[in-house]
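Working notes for the structure below.
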Amino acid sequence: MAIFSTLYLILGVSQLYWAWRGYSLAAARIPSRAWRWAVCAAVLAAYLAAYEYNMGAWREAVTPVRLTLRDALLAAPFLWWAISSLVAFMVAILFAIPRGIVGGARRLLARRRAAGPEIQSPPRRQFLERTATVATAAPFVAGAYGLLYGRLNLQVTAQTIRLANLPRAFEGFRICQLSDIHIGPFMPAEEIRKYAAIANAQKPDLIALTGDFVTFDPHTQQAVVDALSGLRAPFGVYGSLGNHDAWAGVEDSITELFRQTGVRILRGASVPIADRGETFNLMGVDFQSSRRFGPSPPVKHLLKDIEGMVDPHRVNILLSHNPDTFDRAAELGIDLSLAGHTHGGQAALEFISPEIAPSRLVTPYVAGLFHKPGSQLYVNRGIGTIFIPIRIGAPPEITIYSLSRG
Ligand SMILES: [Fe+2]
């Protein structure tokens with residue numbers, strides 16, 4: 001909560017900074033005072049309308065499950081502006097601090113030398129100013145990329161999982177994972193149907209859904225269940241629930257809606273997956289964390305609800321939205337955990353490392369495959385977004401696991 005309050009405060013200050021920058025630009029470019037004020041008033045009115053739509057009371061009571069004109073024209077540009085201007089403000093501050101220190105030192109030196117000439121290097125100063133301008137503009141460009149392309153640039157990841165005790169009948173068994181759907185105006189039902197068709201086209205043996213079907217609005221649960229109802233796999237479609245499903249209060253109801261379409265949500269439950277007389281053990285748990293996470297209370301003993309279901313004589317695979325259960329899963333001898341939750345950071349500096357992401361603040365398991373002795377975890381980046389419909393360096397993902405003995 002403290003992180004959100006701090007971000008909100010910085011956002012407020014950043015908006016004042018950009019208002020000042022905007023007025024300075026207008027003052028330099030529009031000589032007529034009347035025109036200048038008219039332009040500023042028009043920009044302010046558009047800003048307040050977009051702010052009121054996104055933060056105020058006249059947003060629809062029910063979250064739309066298709067992209068509405070209002071969301072396209074008022075929500076998307078405002079959310080792009082909010083995050084880009086916040087990051088650009090912090091970049092501007094990073095450049096302003098050393099510039100302020102150097103400027104102060106220079107003035108001090110000039111004063112000491114009294115009549116001496118001030119040490120200046122105009123080409124260097126110009127270079128630094130241009131660098132600062134480009135660096136400050138970069139978040140706006142990156143934000144536009146993440147909104148228009150990054151969040152839609154689906155990657156189908158093929159991942160081989162080697163399991164020492166895999167029965168021969170399951171050699172080459174393929175599991176398809178979808179996670180963090182977050183149905184809403186920026187993940188419309190139609191889009192989810194496309195992802196479901198892509199998952200089916202991979203011809204998996206089994207499909208795993210690892211939670212966060214909705215974001216906050218319980219009214220959207222029927223639409224997301226309908227959109228996923230076309231998923232087909234010969235060994236079935238199974239799922240677990242995420243923190244947003246709990247926060248929206250739909251854990252029981254969405255489980256029942258899924259049941260009606262043939263999808264089984266595993267809530268502290270296990271099911272044997274059998275083929276030619278051999279089986280592996282598939283388990284699923286609701287979101288659980290050892291730390292307080294939003295309205296979710298901390299859980300003292302992670303995975304306590306499935307402790308007795310782990311079968312030491314069979315391969316055990318766990319569907320757990322929160323990757324933080326991995327440490328306990330390894331202790332319990334669970335061979336493979338499939339998780340989501342992080343969105344791969346949603347905005348990660350992937351060109352340096354996908355590990356450099358906001359999610360790193362809450363979990364060491366941001367994205368991809370992790371190993372512990374006798375246990376593995378894969379964190380899927382999900383397909384949806386939360387808060388801002390932007391993905392940078394963390395493209396949406398459908399994972400196809402191929403199980404192999406070894
Ligand atoms: Fe999520």
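What does the charge count around GLY22 come to, taking other residues whose C-beta lies under 14 Å from its C-beta (Lys +1, Arg +1, Asp -1, Glu -1)?
The answer is +3.
Full extension from VAL91 to THR6: what is 0.36 nm times the residue separation minus their Cα-Cα distance, to one decimal in nm?
28.9 nm
Over segment 64-174, what per residue volume does the convex hull of the Cα atoms give, in whole Å³?
224
For LYS304, list the aspartates and glutamates whose Cα falls under 16 Å from its own Cα; do not include residues on the same chain fewer than 8 positions away.
Those aspartates and glutamates meeting the cut-off are ASP286, ASP324, ASP327, GLU331.
If you add up the charges near LEU302, with Lys and Arg at +1 and Asp and Glu at -1, over every other residue whose beta carbon is less than 13 angstrom from its beta carbon, what do you get?
-2
Please compute the Kirkwood hydrodynamic radius of the chain from all pairs of different C-alpha atoms, in Å with one decimal.
The Cα-based Kirkwood calculation yields 23.7 Å.
Across segment 361-406, how large is the tail of the calculated P(r) beyond 15 Å, expressed as a percent of all Cα pairs?
More than 15 Å apart: 58 percent of the Cα pairs in segment 361-406.
Taking θ = phi - 60°, what integer Hz values does the Karplus form 6.51 cos²θ - 1.76 cosθ + 1.60 yield along segment 364-380, in sequence order, with x for Gly and Pro?
These are the phi-based 3J(HN,Hα) values: x, 9, 8, 6, x, 9, 10, 10, 9, x, x, 8, 10, 9, 10, 9, 7 Hz.
When you have a sec, figure out the Kirkwood radius of segment 223-323 from all distinct Cα pair distances and drop it here in Å to one decimal?
14.7
Long-range amide H contacts for ILE398: which residues qualify at under 5 Å (H placed 1.01 Å from N, peptide plane, sequence gap of 5 or more or a different chain)?
GLN155, VAL156, THR157
Looking at the chain, which longest stretch skips every one of the trypsin sites (Lys or Arg not before Pro) that is in a DSSP loop with at most 11 other Cβ atoms within 10 Å, leaving the sites themselves out?
Longest site-free region, per DSSP loop and neighbour criteria: 114-275.
Ignoring everything but the protein chains, give the 1.4 Å probe accessible area of TRP18 in square angstrom, nearest 10.
For TRP18, solvent-accessible area is about 40 Å².
Work out the length of the dipole vector of segment 186-252 about its Cα centre, built from +1 on the beta-carbon of each Lys and Arg and -1 on the beta-carbon of each Asp and Glu, and round it to the nearest 20 debye.
380
Average projected area of the Cα convex hull of segment 149-249, in nm²?
7.4
The values are calculated or read from the model by the stated rules, or taken from the named source; none is laboratory data. Bear in mind the structure is a predicted one, so any value in this text is a computation, not a measurement. Note: ideal-geometry Cβ built from the backbone for every residue, glycine included; neighbour counts use all protein chains shown. In case anyone asks, the SASA skips ligands and DNA or RNA and just uses the protein heavy atoms, side chains included. Shrake-Rupley method; radii C 1.70, N 1.55, O 1.52, S 1.80 Å.
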